[in-house]
Amino acid sequence: MNTAVGIDVAKGKSVVAAMRPFGEVALPPREFLHTSEGLSALSEALRLIDGNTRVILEATGRYHEPVVMALRNAGIFVSVVNPKLIKDFGNNSLRKVKTDKADAVKIARYGLEYWEEMREYTETDTTRQQLKLFSRQYNLHMKTVVSLQNNLISLLDAVFPGINELFKSPVREDGHLKWVDFVCTFYHRDCVSGVSIAAFSERYQKWCKRKGYNYSTAKAAEIYAASREMVVTMPKNALTKALITAAAGQLIAATEMLATLKAEFIRLASSLPEYEVVRSMYGVGDITGAQLMAEIGDVRRFANRGALIAFAGVDPGVNESGKHSSQRVRTTKRGSPHLRKTLFQIVSTHLKRSPQDEPVYQFLDRKRAEGKPYLVYMTAAANKFLRIYHAKVRDHLNALEQMHSNT
């Protein structure tokens, strides 16, 4: 006898209900706390249920993770589903009932309806969940870095305008930017133009050696010449130095943390079996590849490519009723905004580099030639990219699974 256990997860507690076919109640709705004692009691209660038992719960940020861990350690089948699927699952009543008990029963009914389609939560899913957490934290820290960088540039406009544009060095692996380190020492135009070019060049050379940057006589001359042309509105004094060095210090701390997160983010992504396949796709870099994998998860959880496209929210909407059929309908945008942002970055790379032999760019270029608006052909290209992603990654994972099963 199949028994579906629905768990409505909240912060610190869950309501659990178990249902069998034809509306039979195997376990009336009960509340369990997310404590060691509470989760042990939940595991024991589920083990006492006769027959084939499967637990279904919604992905609820971080709240469901203790429940999943406890039940998996107890050897119980657990499936984590998208809350949108549960929300859209039909109710057999005109009354709108929204309680934790009713939700637990609804989740259990969903489990019975889609019993054969339930995917068990695995150890790999735990890694993917961690990857998703890193992705969100990376995006958060990136916003912080951009904000602090804009703040520092705004302050420098009053004391050393345009100094950041004189340095073209890329970000180092430790997160340091040369122009940011530079203004920590040379915080005001007068720090450069207030001495002779020989004195500045000597000091700049020593600074480069101390900080591990390459020294160039031509660059020293360029900085010196530019500083003499700059117009400043704040004097060189202790207050100005405090403002600039404090802002630069905050930015350095943020970029160092971002670099640490980036390294760990990529390391975690590379531990997943599809990493090399995803990374080999045109337009996908270390970060965008990891972000794709974090937001999509195991691509096999989508029954077909259409389901993945709908999850990303880049599928065209439909507006038809009777004789009316709208010809201009926005995309659904019902899925992950983080995934759509990553897709837009990847498609932008195609648009910028114009690789003539790439199918995504060929599709994009064809839509553009048809006179489609910018957002239309960019979204269509994202749709095309996801179709290719679904096929490549799914086939790769299935091949690996088949290989392991044969050995």
How many Å² of accessible area per residue for the chain, probe 1.4 Å?
55 Å²
Which of Leu33, Leu133, Gln402 sits farthest toward the positive end of the charge dipole of the chain, with +1 on the Cβ of Lys and Arg and -1 on the Cβ of Asp and Glu?
Leu133
What is the ratio of the Cα radius of gyration of segment 245-300 to 2.2 N^0.38 Å, with N the residue count, to two decimals?
1.42
Per-peptide average of other Cβ atoms within 10 Å, ordering 367-373, 393-399 highest first
393-399, 367-373
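Rounded to the nearest 0.05, what FRET efficiency do Tyr215 and Glu401 have when you use their Cβ-Cβ distance and R0 = 51 Å?
That gives a FRET efficiency of 0.40.
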Please sort through the DSSP H helices of the chain and keep those with an alpha-carbon extent of at least 27 Å along the long axis and a Kyte-Doolittle average not below -1.0.
123-159, 238-270, 374-406
At 0.36 nm per residue, minus the direct Cα-Cα distance, what do Lys206 and Asp50 gain on full extension? Give it in nm, one decimal, please.
48.5 nm
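Which of the residue pairs Lys132/Lys219; Lys132/Lys367; Lys87/Lys132; Lys143/Lys178; Lys84/Lys352 have a Cα-Cα distance greater than 31 Å in the structure shown?
Violating the 31 Å Cα-Cα cut-off are Lys132/Lys219; Lys132/Lys367; Lys84/Lys352.
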Checking rank on 167-178, 290-301, with mean other Cβ inside 10 Å and highest first, the result is 290-301, 167-178
For segment 119-250, the fraction of alpha-carbon pairs in successive 10 Å shells from zero, as %
11, 36, 27, 11, 8, 5, 2, 0
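Quick check: from the Cα gyration tensor, does segment 23-176 come out rounded (a/c under 1.5), prolate or oblate?
Details: a/c = 3.41, a/b = 2.55, b/c = 1.34.
It comes out prolate by the Cα gyration axes.
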Using a 7 Å offset from the Cα along the Cα-to-Cβ direction at both Leu140 and Ala238, what is the distance between the two label points in nm, to one decimal?
3.8 nm
Isotropic mean projected area of the C-alpha convex hull, segment 194-300 (nm²)
10.9 nm²
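Taking segment 341-380 on its own, what percent of its Cα-Cα pair distances exceed 11 Å?
Roughly 59 percent, once rounded to a whole number.
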Heavy-atom accessible surface of the chain: percent carbon and sulfur, 1.4 Å
52 percent
Enumerate by residue number the trypsin sites (Lys or Arg not before Pro) in segment 42-78 meeting two conditions: DSSP loop (anything except H, G, I, E, B), and at most 14 other Cβ atoms within 10 Å of the site's Cβ.
Arg62
Please sort 227-236, 141-150 by packing, taking for each peptide the average over its residues of neighbouring beta carbons within 10 angstrom, highest first.
141-150, 227-236
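Only bridges with both residues in the chain count here: give the DSSP antiparallel percent, nearest 5.
Antiparallel bridges make up about 60 percent of those DSSP assigns within the chain.
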Furthest towards positive pole of dipole, Gly61, Ala45, Ile76, structure part segment 16-170, Cβ charges:
Gly61
Rg/Rh for segment 100-144 to two decimals, with Rh computed the Kirkwood way over all alpha-carbon pairs.
1.23
Per the charge dipole of the chain (beta-carbon charges, Lys/Arg positive, Asp/Glu negative, Cα centre), the residue among Thr255, Leu292, Val16 reaching farthest to the positive end is Thr255
Only four residue types carry charge here, +1 at the Cβ of Lys and Arg and -1 at the Cβ of Asp and Glu. Report the dipole size of segment 7-115 about the Cα centre in Debye, rounded to the nearest 20.
340 debye
Estimated D of segment 34-91 in µm² per second, where Rh is the Kirkwood radius over Cα pairs and Stokes-Einstein applies at 10 °C, 1.306 mPa s:
128 µm²/s
Can you give the log10 of the normalised intensity I(q)/I(0) at q = 0.06, 0.11, 0.14 Å⁻¹, computed with Debye over equal Cα scatterers of the chain?
-0.39, -0.97, -1.22
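The values are calculated or read from the model by the stated rules, or taken from the named source; none is laboratory data. For clarity, every value in this text was computed on a predicted model and none was experimentally measured. As a convention, Cβ positions derive from the backbone with ideal geometry for all residues, glycine included, and neighbour counts pool all protein chains shown. Please note that ligands, DNA and RNA were not included when accessible areas were found on the heavy atoms of the full protein model with its side chains. Shrake-Rupley method; radii C 1.70, N 1.55, O 1.52, S 1.80 Å.
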